[in-house]
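Read the figures in this text as sums done on the coordinates, not as results from a lab. Since the model is a prediction, treat every value here as computed from it, not as a measurement. FYI the Cβ positions are ideal-geometry reconstructions off the backbone, even for glycines, and counts take in every protein chain you see.
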């Protein structure tokens, strides 16, 4: 990877991901050495202790720099592929309605109803983007009640059933991990609302000593997962964003679906500390 002192950060997402993985590996090793130094200081010279501690600090700082840049890329991509693209489409639709008003006024009422529905979807998408920066729900309550409130709101808005079940250990979930889990659930529900035509959704959260797992399953129309290329991930599915969130939390995300058989989104994240 090179010297962690180097402050430049790549603008290439693939390079950022590779650098983050390399820094995480080196940081884990540095932390092991640091703990060994603290427990057995007599086995190392003052210079060795200082060098090892400084390297751990440098790697931690580098990790922060890379994570910040990676998050900037994610936010920019989500805004471009979501609200900004939708707003551009709304401008085109408004121009179409303007022409229709002159040629066929009776059709404008129907077009206007569709237009308002799209605007509502854009508003919901912007709210999701804001939640991705730090869900407001988690500022006032913990993860489980926040997920239940999310499900209740979604159920009220869509008319479909949405249940939350929790299993595993009763232990606090770190705030950063709560945000990742909540965001994945919110994004998955957003996709179900827009594309799945589902009647039932089940959210299962399992909290373990070493991590947490969340599953979001719907009985909607499903899709062909093999037709979704990671490098050309359709913005409407949001799979890439969910995967990046899970990977950033030391976990992984899997999507299982097929046409006519619903969809399962399953994410596992690591519990640190």
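Computed quantities for the displayed model
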read-out	value
In degrees, nearest ten, helix 175-191 long axis to first principal axis of the chain (Cα)	20 degrees
Ellipticity estimate at 222 nm from DSSP helix runs (n ≥ 4, -39,500 (n - 2.57)) divided over the chain, nearest 500	-19500 deg cm²/dmol
Virtual spin-label span in nm between residue 261 and residue 144, 7 Å along Cα→Cβ	3.3 nm
Rounded to 5, percent antiparallel among DSSP beta bridges of the chain	70 percent
Dimensions in Å of the chain - Rg and Dmax from alpha carbons	22.8, 88
Cα-projected label distance for residue 24 with residue 124, points at 7 Å along beta-carbon direction, nm	3.2 nm
Calculated FRET value between residue 46 and residue 225, using beta carbons and R₀ = 41 Å, to 0.05	0.15
Extension gain, residue 171 back to residue 101 (0.36 nm per residue minus Cα-Cα distance, nm)	19.2 nm
Tail beyond 16 Å, pair distance distribution of the stretch 13-73 (Cα, percent)	48 percent
Segment residue 94-residue 72, length gained on full extension (0.36 nm per residue, minus Cα span)	4.8 nm
Scaled radius of gyration (Cα, divided by 2.2 N^0.38 Å) that the stretch 135-273 gives	1.00
Rounded FRET efficiency, nearest 0.05, which uses the C-beta distance separating residue 31 from residue 117 and R0 of 45 Å	0.30
